[in-house]
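Here is the structure we will look at, set down as structure tokens.
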Amino acid sequence: MRIGLITGTFLPVLGGVQWMVHYLATEYFKRGHEVVVFCQKLPKSQDGPLPVIPDYTLVKVGPKPIRGAQRSGLLCWNFTRQVLKQHLQKPFDLLHCHNVGVPTQIGARVKAHTGIPVAATTCGDDIMTIPTIKYGIRLIPYYEAMVKENLSKIDVVASISSAIRRELEALGTTARIVDIPSGVDWENFQTATNCWLQKRLGIGEKKIIVVSVGRLHPVKDYPTGLRAFALAARRIPNLHYVIAGTGTSGLQKLVDELAIKERVHLLESVPMSDIPSLLHSADLFFLSSLSEGFAQVIIQALSCGLPCVVSDCSGNEDLTGHPGVVTAKAADAASMAQALELLASNKALRLRMGRQAHDYSSRYSWSAICEQYIDIFKQLAPAVAL
């Protein structure tokens, strides 16, 4: 099967969508499929060598981003032209678009010219919205109309969580909705427990370390998370909190105000290659988000055998009842503090939940997720030998 993947941004920009496209493309290739990834050329400030050596073909579509290219239709037109050019040279059997905004608009236009089936995968902010913090592209009327139109023209849309499925249904989506979560590079997280954080930060080995990973953004609601930690830290004197992500130094003022600067460590830059070591050196994972499409970082933590405290926001609800997860009320510092104390004060419970978390997490490996997509592709292109 020849599969074209269409994405708006790609490596070396690092994020959930970029890694999803890379790992799915790699897994498709491993199974004998020919894969071409279409992505936009990056600005000079972001462009650079890929952090991986891909097995698939990568086509960078130019010109590099210019103001107004999306609204004018130039970006979509140029992408469509490039995909059709590749299709004429050697036909695609299916297109897989990430996300349901502009990439899916491109897929729908190629389908209109060729008739080839199109599947799309949601990513979170392409569907979910939080008006109070201006989160989600659908808050812009132009994109709202685009998303609705796209979902009426393609064949299948993959929902990565129950919350996103509800939004897709509310939009009147006529494409078939399938439930496929995001995956993680599970094998890369199967390393041993270590003292990476303790050594880097000078934290004693007897300290209990809570860790969060993610950039500073209102949707992550780190302020409530810090207030929850401050409450828990009053009762557990050896508790420390590490927040790793771009922009997190902007939390320093609140840390000082809460008088927890000796117990909180803000790491602005941690390479992706060090995330397994960071997680394996912590005692529990904490996510205080207001909304998530599907938080891959939770599954990364579970893959490391870390018990997790997560908010019950949309996108996290699918993990309710998960053997490695304790949920707390979103935007509620007292509820989060209670959950943190429960795990921080009981090592036996942490270890038991950690083992259960690890055993459960393998179902989120990209290999397992890829098989779910391949099953869908077989239905969309039954005449193609797989």
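Only one residue in L75, L168 is buried (at least 18 other Cβ atoms within 10 Å of the Cβ), aliphatic (A, V, I, L, M) and closer than 20 Å to V178 by Cα. Which one? None of the others qualify; the one that does is L168.
Counting only strands (runs of 3 or more DSSP E) that fall entirely inside region 1-67 and contain at least 3 residues that are over 23 Å from E371 (Cα atoms) and at pLDDT 90 or above, the qualifying elements are 57-61. Annotation: of all residues in region 157-189 being among the small types (G, A, S) and not in a strand (DSSP E or B), the one that is nearest to the chain's Cα centre (by Cα) is S182. Of the residues making up region 144-164, just one is in contact (Cβ under 8 Å) with a residue 12 or more places away in the chain, surrounded by fewer than 19 Cβ atoms within 10 Å (Cβ to Cβ) and under 26 Å from D221 (Cβ atoms), namely S162.
Of the set (1) in contact with a strand residue (DSSP E or B) (Cβ under 6 Å, 6 or more places away or on another chain); (2) in contact (Cβ under 8 Å) with a residue 60 or more places away in the chain; (3) farther than 26 Å from C195 by Cα, all apply to A344 but (3). Per the listing I154, I209, I203, the residue uniquely in contact with a strand residue (DSSP E or B) (Cβ under 8 Å, 6 or more places away or on another chain), in a loop (DSSP other than H, G, I, E, B), among the hydrophobic types (A, V, I, L, M, F, W, C) and at pLDDT 95 or above is I154.
Say whether the condition of being exposed (fewer than 15 other Cβ atoms within 10 Å of the Cβ), at negative phi and modelled with pLDDT of 95 or more is met by at least one residue in region 178-197. Yes, region 178-197 has at least one match. For region 377-385, state whether one or more residues are surrounded by 15 or more Cβ atoms within 10 Å (Cβ to Cβ), assigned to a loop (DSSP other than H, G, I, E, B) and under 25 Å from the mean Cα position of the chain (by Cα). No: region 377-385 contains no residue that is surrounded by 15 or more Cβ atoms within 10 Å (Cβ to Cβ), assigned to a loop (DSSP other than H, G, I, E, B) and under 25 Å from the mean Cα position of the chain (by Cα).
The values are calculated or read from the model by the stated rules, or taken from the named source; none is laboratory data. Owing to the predicted nature of the structure, the values given are computational and were not obtained by experimental measurement. Cβ atoms come from the backbone with ideal geometry, glycine included; neighbour counts cover every protein chain shown.
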